[in-house]
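Below: one structure, written as structure tokens.
The values are calculated or read from the model by the stated rules, or taken from the named source; none is laboratory data. Since we're looking at a predicted model, the values are computed, not measured. Cβ sites come from the backbone with ideal geometry, for glycine too, and all protein chains shown count toward neighbours. Ligands, DNA and RNA are excluded from the accessible area calculation, which covers all protein heavy atoms including side chains. Shrake-Rupley method; radii C 1.70, N 1.55, O 1.52, S 1.80 Å.
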Amino acid sequence: MFWILLVCSLCSLVNADADRRRYSNPTYYNVGGVLSSNESIAFFKDTISNLNFKDKYVPRGVTYHDYSILMDPNPIKTALNVCKDLIAHRVYAVVVSHPLTGDLSPAAVSYTSGFYHIPVIGISSRDSAFSDKNIHVSFLRTVPPYSHQADVWVDVLKHFNYMKVIVIHSSDTDGRAILGRFQTTSQSIDEDVDRKVFVEQVIEFEPGLDSFSDKLIEVKSAQARVFLMYASKTDAEIIFRDATYLNMTTTGYVWIVTEQALDAANAPEGLLGLRLVNATNEHAHIQDSIYVLASAIRDMNTSEEINAPPSDCDNSGSIWTTGRLLFDYIRKQRLENGATGHVAFDDHGDRVHAEYDMVNVRAQGEHVAVGKYFYSKDTQKMRLELKEHEIIWMGRSSTKPEGFMIPTHLKVLTIEEKPFVYARRVDDETECFTEEIFCPHYNTNQLYCCKGFCMDLLRYLSKAINFTYSLALSPDGQFGNYIIRNFSQPGAKKEWTGLIGELVYERADMIVAPLTINPERAEFIEFSKPFKYQGITILEKKPSRSSTLVSFLQPFSNTLWILVMVSVHVVALVLYLLDRFSPFGRFKLAHIDGTEEDALNLSSAIWFAWGVLLNSGIGEGTPRSFSARVLGMVWAGFAMIIVASYTANLAAFLVLERPKTKLTGINDARLRNTMENLTCATVKGSAVDMYFRRQVELSNMYRTMEANNYDNAEQAIQDVKNGKLMAFIWDSSRLEFEAAQDCELVTAGELFGRSGYGVGLQKGSPWADLVTLAILDFHESGIMESLDNQWILRNNMLNCEENEKTPNTLGLKNMAGVFILVLAGIVGGIVLIVIEVVYKRHQIKKQKRMEIARHAADRWRGAVEKRKTLRAAILPSQRRAKSNGVKETGSISLAVDRGVRRRDEPRIPRYMPAYTPDVSHLVV
């Protein structure tokens, strides 16, 4: 067995030698120390001597040497001594303590060593400035900075359930650092949003103050009664003096302070403070720092090539890269059982998992530990343990204070939103009625009286949980939006506007209005349980029926009207043809006694077809043949069906028809399609607006409607009534109320985005639970139901539903087309009769001319006949006389030839032509 162990030892030595030869790493390391006393220097030497015999930290063949100096209060001398006595001996790291007097010497060591990237391990420097790696590039420390006490503050507050505090801190680097760390830790340590610690007010003061009364008076009226303070011992004494004078260290107040303020001589009884465990045990920190350094060099020696550190401050040379690596290795080390507890570092090289005692100040300044903050190996996290029953609180009370003062008078804000809030302008508060509450505009001189659902709810709340209030009305009519103000300026941040902004920035205590509960608002303000559940819906105006001049034509489609018109004339033509060619028809009739009986010509057939269709009496011009009469009966049946159908449909269209909504709901394609000419909108910055921003599937619709959004709901509803806006998307309670008030308005589709209305309060408000319990009680006792019946359902939709069931009364607007049709018939008849008169006159003139021509022709024909007869009578006489030689015969012939007429002969006009006119074309 002995030989086996010997062989293993030789193998390990060979491997170690091989590693050292591979990297050519040194076998001895110098460690420097800048310590505050000779006792610390002696302990430093002993610790390094003992370290060389600890195989866990120092491999075989490796030796550590110490070089230490006494810290000089003068930082310049300290820096020179570091160069002469430490860097000159090629130290790999420097352990630095804190001087008995002066504060700058550790910084001088850090600057000097950091220039060459030589790691510096501080064992007592707690200033937050050493966490800045831009200045102290290679500084680590085994003590935490003062700002890390904020982590303990957060755990203490959550242990006692103090969610609202006031922070008092100095304006130096440490004061601001502890505030920043507290704000960050308090908001990130828990995932539960409801348990975030809220800083109600921050008081920053310049160190070395003479009086603190003015600043304490400012916060005396605040709700929070828990004060967290970071101050030096001197400043803390001034603050405690003034706080005691203002009775702010009595029962009900809680003061939790840091280590420096805990040492104030006049620290009040009941004060709670923190004290770092082993804060003054320099020897324990020296031991932990040396073991951490040795562990880092051990790990680095096996995987990195180690170069010798610089040896001369006068020659800067190149940067010592090994120093950077060594700093990283030290920062990653952990000592599970160090002399000061669990030793570990964060990214800045600051000590984490440091242990604290919770100290309670008793009478005569006695400090008693009542708890501890330590590292738990089981959970590998820091853990707080408190002996709460041993704590003596301010005013020598053994009962834990509430930590806040509940104000009995609240500043309440509301907004005009029917039917929840009605606002009426007045000149004086005395003009308000019994059911109204005086509500002037916020920050203006305009006076109003308010009533409605929320006003009655406010009255019930004030009586149930016993508070008084002053009510104000929002001047801009907006609930609030989370926007960037002055975005053109660098560093612009998002801020809340409207009512939410007044609550977030603590200018109001409560909002009693139809305030929708949503995640965006709940992150910044407190909500009660909903007093009314609702959703989002769409308001639109009912589409008006088209009461045009041709409304009476609506029962039939255009195609059917055309077919009816064509059928009339087709049937008339067939009737004419059947009666024309039937042997029993009346088309061909003989003239009897000079009279003519009417026959069924084409005009009569058309008249018959129209008469049957329009149900008018047909007294004459009816078909006589059997075939034509069969068609006439069929046509009568057709006309009866058409007329009955028209009458029924006319009643449906003009009397009983009710218009449907244009939209089917939020999923209507016309809303989703941005190309449709459909304008929809909501209110800017409202909960509905936030809902659309959250919904990815509604992003296209939101981009379209965003440009149309209104500043308030009243204007949008009015534009819907006027037809300027087609669809308004808003809370269902308001829109259903508006639809009940005006039957021309209607809500479309089903509810979506369901939520509730809640009472808004400040984050961490002590009234939140009381308001919630009161509202739940109102639901159970029926108060909410009575408010619904009184304000929302009193003008329900029953009237509109009755109107839906009652037929409409037809008016001139509906039947104007029929009257215009009659007027058109009258005008058409007048035009036709004028045409007939003109035509008749033309015919009469033509007939007169024909009569004149006929008479002239008759006269001429008679004269010709007489002349022929006369000639026929004279010619034989002339022949006889010629044969007898008688002369008178020539005179008679001459007289005839010259036109000498007898008395009884008719006179022939001279202008008559000598030819016979052609009158064969005239009708006799």
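Things worth noting here:
- Here region 92-137 has 61 percent of its accessible surface on carbon and sulfur atoms, given a 1.4 Å probe and all protein chains in place.
- Once the 1.4 Å probe is applied to the protein heavy atoms, region 701-801 comes out at 44 Å² accessible per residue.
- Tail weight of P(r) past 25 Å, computed on alpha-carbon pairs of region 34-157, percent: 29 percent
- Fully extended contour minus Cα-Cα distance, from Val368 to Val834, at 0.36 nm per residue: 155.3 nm
- Estimated FRET transfer efficiency when R0 is 30 angstrom, pair Thr250-Gln446 (beta carbons, to 0.05): 0.10
- Segment Leu70-His569, extension gain: residue separation times 0.36 nm, minus the distance between their alpha carbons: 166.7 nm
- Only protein heavy atoms count here; under a 1.4 Å probe, Phe198 has an accessible surface of about 50 Å².
- Inter-probe distance in nm under a simple model that places probes 7 Å from Cα toward Cβ, at Met633 and Ile203: 11.3 nm
- Averaging 1/r across all pairs of distinct Cα atoms in region 94-158 and inverting the result yields a Kirkwood radius of 12.5 Å.
- Solvent-accessible area of region 154-304 (1.4 angstrom probe, protein heavy atoms only): carbon and sulfur portion equals 46 percent.
- Working note: Cα gyration tensor of region 217-269, eigenvalues times five, square-rooted, sorted largest first, giving semi-axes of 18, 11, 10 Å.
- Out-of-range pairs (alpha-carbon distance over 25 Å; input Lys418/Lys721; Lys133/Lys494; Lys164/Lys529): Lys133/Lys494
- Within the straight-line cut-off of under 18 Å between alpha carbons, the aspartates and glutamates reachable from Lys684 are Glu416, Glu417, Asp476, Glu495, Glu502, Glu520, Glu706, Asp711, Glu714, Asp719, Asp731, sequence neighbours fewer than 8 places apart in one chain being disregarded.
- Inter-label distance, Asp132 to Lys220: 3.8 nm, where each label sits 7 Å from its Cα along the C-beta direction.
- Centre-to-centre separation between the Cα atoms of region 421-496 and those of region 71-130: 62 Å.
- The simple spin-label model puts a point 7 Å past each Cα toward its Cβ; for Phe581 and Phe53 those points are separated by 14.5 nm.
- Label zone (Arg425, point 7 Å along Cα-to-C-beta; backbone nitrogen cut-off 17 Å) within region 464-486: 473-477.
- If the chain linking Tyr505 and Gln741 were pulled fully straight, counting 0.36 nm for each residue of separation and taking away their Cα-Cα distance, it would gain 81.2 nm.
- Working note: Debye formula, equal point scatterers on the alpha-carbon atoms of region 122-209, no solvent; log10 I(q)/I(0) at q = 0.14 Å⁻¹ is -0.57.
- Enclosed volume per residue, in Å³, of the convex hull spanned by Cα atoms of region 388-441: 178 Å³
- Amide H contacts for Trp255 (H built 1.01 Å from N in the peptide plane; partners 5 or more residues away or on another chain; cut-off under 5 Å): Phe227, Leu272.
- Highest average packing first - 745-754, 322-331, Cβ atoms within 10 Å: 322-331, 745-754
- FRET efficiency, 1/(1 + (r/R0)^6) with R0 56 Å, evaluated for Arg672 and Met640 via beta carbons: 0.70
- Most to least accessible of His89, His117 (protein chains only, probe 1.4 Å): His89, His117
- Under 5 Å, built H, 5+ apart or other chain: amide partners of Asp72: Thr78
- Rolling a 1.4 Å probe across all protein chains gives Tyr646 an accessible area of roughly 50 Å².
- Set of lysines near Lys387 by C-alpha distance (under 17 Å), chain-local residues within fewer than 8 positions excluded: Lys158, Lys372, Lys400
- Here the 3J(HN,Hα) profile of region 83-90, calculated from phi with Karplus coefficients 6.51, -1.76 and 1.60 at θ = phi - 60°, is 5, 6, 9, 10, 4, 4, 9, 6 Hz, Gly and Pro shown as x.
- Order of exposure, largest accessible area first, which applies to Val834, Val62 with probe 1.4 Å: Val834, Val62
- With DNA, RNA and ligands ignored, accessible area of Cys743 (1.4 Å probe; Å², nearest 10): 40 Å²
- Just so you know, the averaged projected area of the alpha carbon convex hull for region 168-291 sits at 9.8 nm².
- Accessible surface ranking for Arg734, Arg703, 1.4 angstrom probe, highest first: Arg703, Arg734.
- In this structure, Ser171 and Asp777 have a Cβ-Cβ separation that, at R0 = 60 Å, corresponds to a calculated FRET efficiency of about 0.80.
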